[in-house]
Every structure is written in structure tokens, then in C-alpha cells.
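Notes follow once the structure below has been shown.
The values are calculated or read from the model by the stated rules, or taken from the named source; none is laboratory data. All values derive from a computational prediction rather than experimental measurement. FYI the Cβ positions are ideal-geometry reconstructions off the backbone, even for glycines, and counts take in every protein chain you see.
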There are 2 protein chains.
Amino acid sequence: MTSYIRRLHDQIKTKRTPALVGLDPRIDQLPASIVKSAESRSSTEAEVVATAFEEFCCRIVDVVAPLVPAVKPQSAFFEEWGPPGTDALQRVIHYARRAGLLVICDAKRGDIGSTAEAYARGYIAGDDVNAAPWGADALTVNPYLGRDTLDPFIKVAHERGGGIYVLVRTSNPGAGSFQDRITDELPHFQYVARVVEELSSSLCGDDYYGCVGAVVGATYPAELAELRQVMPHVPLLVPGYGSQGGTAADVATAFDADGLGALVNNSRGINFAFRQEPYRAQFSPDDWELAVAAATKKMIADLTFGV
Amino acid sequence: MTSYIRRLHDQIKTKRTPALVGLDPRIDQLPASIVKSAESRSSTEAEVVATAFEEFCCRIVDVVAPLVPAVKPQSAFFEEWGPPGTDALQRVIHYARRAGLLVICDAKRGDIGSTAEAYARGYIAGDDVNAAPWGADALTVNPYLGRDTLDPFIKVAHERGGGIYVLVRTSNPGAGSFQDRITDELPHFQYVARVVEELSSSLCGDDYYGCVGAVVGATYPAELAELRQVMPHVPLLVPGYGSQGGTAADVATAFDADGLGALVNNSRGINFAFRQEPYRAQFSPDDWELAVAAATKKMIADLTFGV
């Protein structure tokens, strides 16, 4: 079994980029050809949507698998449609792994004790995709319930060569309403960060980084720079680049001297590039995959941190 | 459309109890007869487990539907088994609603903006069970991502006659590691509580309580009493009674003068009563439903708060 961080860094070095492609399917944004094809093969609305999501995401995987180390499906968009949606999520994850990509399931789970362990066992497959039904390499995790509730996730991830990313500083406009409250002279998220560093550094083994990562938004660059210092052994997942406003300069501090230790995510800017300039002028909606490829390559060129 | 709180209080008054039965199926705890029957009807391990979970939970529903106002399936135990598990969760929720019970889906979801809205639209059906594929009346929600991330959940709940329960003070031993951090002279969970009160009181309409509830553990009775005062317009969901150590005296302060405004949950102590004394001595494993009924009635008799 190979550790998550080793597999991740192998991928980052091979693809020579820390670009992470989010899979955020939304029915009203999909190319019309995908929806039409799904309508001809399914009956209920939920089945049409799920069929369309699966085809859309798998075709994105086909485009980006040679280009980037990992994809991050957003579980909520699949769950919204009930069982047909979650069936599609499972198939998309397995398809991406067969294509050689690492998969971070963005489901932000969190619960206590044996309940947290059930989530971990269900989602974090780690090195062997068949070790968990949902088959992900790593899972995003919410820390609100307490430090003890992270342990079951860490245990399963560590045992299976998987990883977790703990929400520390999210990218939304109101992130600070709770995360910035001052606790014992530190903003709350800074305290959470110190706990995450302690947990990850204790599990590094022969690697410099541990299996406990952190989500830190690109939309708060000063905090990102500070958090990289506070969590030297924690792999970062940086959302908020692109559509949410974060720039390459904003995320530069997330990386170590070797250009490793972080993934930068872009979802909408790649998934729906064909609807956005400059790609909308260059590609017809039927050529949406060319727009995905162009937007991915532009992001890769934008993130030049030496890997 | 009838508001969540009105439907909840109608149920509490009809059944004359605030007892909430959690549905926490675990394969190694189920009655052997249920597992054996599932094995004869299913092929893969996940399908056997899911079939057994569905039969177990639906038979608990049959026993408790005349006795209590609501059930609370724990999503994690179903998700652990992949799509067969989540299919079973959906069927259990719909079965419980057809039996006249309110259903609180305990999935502790949380995300930003349109992603939070996708979770809300998928889970919170409110008054019309068909308004969301998972079909729940209410959903538990994690506040870590910020106040703005609660809004999409509240909007969908309010529109559909559904509810949410925001995690404020959880029942686990390590709950305090983050929730008790002092922020501006208040423990963090007390600050979250004030936000939840503000959100719920603004949406009460003609009701005394709003659709924004809070999860407050019975295992911290002093905090529970204080939080009831801080959040007068917030319906409470109180876990931690029974197996986790909370007593009737511990939860008495959760109720208003009319005995309303709170639900007290018991999962393991009812689901697996046939494995525990005094029921183990009284009932054979094949009579596990009689143990469920006896444990539910004992809880109802224990929680005498005047409804």
C-alpha cells in the first residue's frame, strides 16, 4: 500500500501541475447535446439528470486525465437528485480512478464516534479503490463536532493509504462569521489549524506530509500564507481560484519550495468554460470538451510553481 | 402547507411525548433472523446489509409509529454501504412518512452557497414528501462554514414547511475541543446559539418557534439549560439520552412551560433493546420488536413533561 501523499505527489510530479479539476454538474448549465442524449435513454427527471451528469463528468475525466493529478466531485450536486444521482457519483468516481486520476470526494462529512467511522469506511477507499463503496482516495471533513470526531476519519485514511481534508478556512464570503471569532487570542480557524498540524505531523512516517490535509480558500490570501506556515506538514486543498476570484498570485504561498504540498481547485471555470469568455467565442457548445481542455491548460500555465 | 413546527407540535400533542426514535442500523447488532432473511433475498454483501437495514428500520417504524412523533435515521450507517445503503435510506424515510411519522434526516450537511442549496433541495421535502427525493421533514446541518451558508437551508425549509437543526452543542466527549473555545467572552457554541436564535425568531410567523432548530446534547445539562434560555424560539433536538448517559432530569430544562419545544432522541437504547437488560432477560431475540416497544414505552414514561 502506498500512502496518499506519496501517490498525490507522484501524480503532481508526473503531470507537472497542482491543478485540481472540480466536478460540479448542474443541469441548467450542461451542454444541450448531453441533456438531449440523456433524455432519449432515461424516463424520470432524476434519471435524466443523473445520466447527463455521469456522461458529462466522465467526458471531462477523459479530457483532463492526461493533464492533471486529481478530480474533486462535489457530492451535493449528485445527492440533490436522490438515488439516481448518488449512483452516478459512484460510477464517476470509479471511472476517474480507472483513468488514473486521484479522486477527492467533496462531501464535507462530520459526525461523532462510530458514526464518523461509518462515513470514513464508506467513502475513503485509499490506495485500493474497492476498499470502500464510494471509492475515493480522500474525503473533505468538517471539524465542528470536535477533535475526537476527526480520529475515526484519520484512522481509516491512514490504514488504507487515503487522506482527509479538514475544513479550516473556507472560501465563501461569510466564512469569517464563525471561523474568525477570536479564541484565546487566536481566530478560531487558526486554532483548528494548529490541531490539524499536530494530527498530520504525527502520521508522516517516511513522508514529509501526513494524511491529514486542510481546506484553505484562495479568497483569503493573507490567511493562506499564514496557514501554510502554521501547518508545514499538512497538504492543502485550495478552493476559490477562478470563478470565486482567487488568482495564481493569491495561491502561490500554498506551496513548499519544491512546488508541492497543495492542490488548487477550479470547478465552474473548467466545467462550463464553453459558456464563458474567451472560450464561448472560440468554441461552439458542441465543442464544449475543447473548451474544458483549453481552460485546464490555461490554469496549468497560470500555476507555475516549479513542479 | 403547514409549517414544520406546527406539524411537529401536533404530533407531540397527539402522541403526548417528545420522544424521538433514532434509526441507527448496524449489521453486527441486528437480530439474526433479519440478517438470515436478507441473505436469502440478496446477493452481494452490500445488498444483504441494505435489505436487512430496510426491513429492520421499517419494522421499528411499525412498532413506534403509534407511540412517538418522529424518527431520526442516521444517514452515515446507510451511506457506509454505498448505493444499496442509500436506496434503503430513501425507502425507510418514505415508509416512516407513510406511517404518519415526521422524519429528521441526521446527515449533518453543510457547504457554501449553491452547494448548500443542492443539499437542502435534495433532503428537505417538508410538508410534501415528494418535494425532495430523500423526502425528510427536517435535516441536521453543520454551521462551521459560516452564517451565510445556513441561509440556503433555511430558505428551502421555510418555503416547504420543513425544518433544520443546526449543530450547536454536540453530545460527544470531545465536543468542547472546538465548541467551548472562548470567543469575545463567550464559548463559541454560545455565539452560534445566538445566531441560530436570531435566524429562527425572524421566521416564526404565527408560531412561537421558527423552522431553525438546534442540536444540543443531553450529556451537558448545564449548557442545555442555558441554551434553552438563549434560544427561546428555537426547537431543540436533544441527543445523548440513554446509551450516552443523559437522564430525564438532564433534559427537563429543554422544554417550555407547555412541555413543547424539544425532542429527545434515543437510538441504540431502543433499536437494540433486545440485547440489553432488562429486556434481554424478558424477550428472546426473535421477539426483538417487543423489546423495541417496551424500551420506547419506558422512555415515554421517563420523559414526563406535561404534554
- Query: What tally of residues in the range A:21-33 results from selecting those that are surrounded by 22 or more Cβ atoms within 10 Å (Cβ to Cβ) and either touching a Pro at 6+ places or on another chain (Cβ under 7 Å) or of a type in the set (Val, Ile, Thr) (or both)?
  - Reply: 3
- Note on the structure: The condition of being aliphatic (A, V, I, L, M) and under 20 Å from A:GLY122 (Cβ atoms) holds, among B:LEU30, B:LEU20, B:LEU8, only for B:LEU30
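Please verify whether the range A:147-160 includes one or more residues that are touching a residue at least 60 places away in the same chain (Cβ under 8 Å) and over 23 Å from A:SER114 (Cα atoms).
no
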- Message: List the residue pairs whose Cβ atoms are under 9 Å apart, where the first residue sits in the range A:82-106 and is closer than 18 Å to A:TYR165 by Cβ, the second is among the charged types (D, E, K, R) and not in a loop (DSSP other than H, G, I, E, B), and the two are 6 or more positions apart or on different chains.
- Response: A:LEU89/A:GLU54; A:LEU89/A:GLU79; A:LEU102/A:ARG7; A:VAL103/A:LYS72; A:VAL103/A:ARG97; A:ILE104/A:LYS72; A:CYS105/A:LYS72; A:ASP106/A:LYS72
- Contact list, first residue from the range B:173-184 and in a loop (DSSP other than H, G, I, E, B), second anywhere and of a type in the set (Ser, Thr, Tyr) and surrounded by 17 or more Cβ atoms within 10 Å (Cβ to Cβ), beta-carbon distance below 7 Å, six or more apart or interchain, is B:GLY174/A:THR149; B:ARG181/A:THR183; B:ARG181/A:TYR191
- Query: Going by the structure shown, is A:LEU145 touching a Ser or Thr at 6+ places or on another chain (Cβ under 7 Å), under 25 Å from B:PRO143 (Cα atoms) and not in a helix (DSSP H, G or I)?
  - Reply: yes
- Query: Within the range A:62-69, is there a residue that is modelled with pLDDT of 95 or more, within 7 Å of chain B (Cβ to nearest Cβ) and surrounded by 23 or more Cβ atoms within 10 Å (Cβ to Cβ)?
  - Reply: no
- Members of the range A:105-119 found to be within 13 Å of the chain's Cα centre (by Cα) and more than 7 Å from every other protein chain (Cβ to nearest Cβ), listed by number: A:CYS105, A:ASP106, A:ALA107
- Note on the structure: Considering residues that are within 14 Å of another protein chain (Cβ to nearest Cβ) and surrounded by fewer than 24 Cβ atoms within 10 Å (Cβ to Cβ), the number found within the range A:83-104 is 6
- Item | Restricting the range A:282-294 to residues that are among the small types (Gly, Ala, Ser) and in a helix (DSSP H, G or I), the residue that is nearest to the chain's Cα centre (by Cα) | A:ALA293
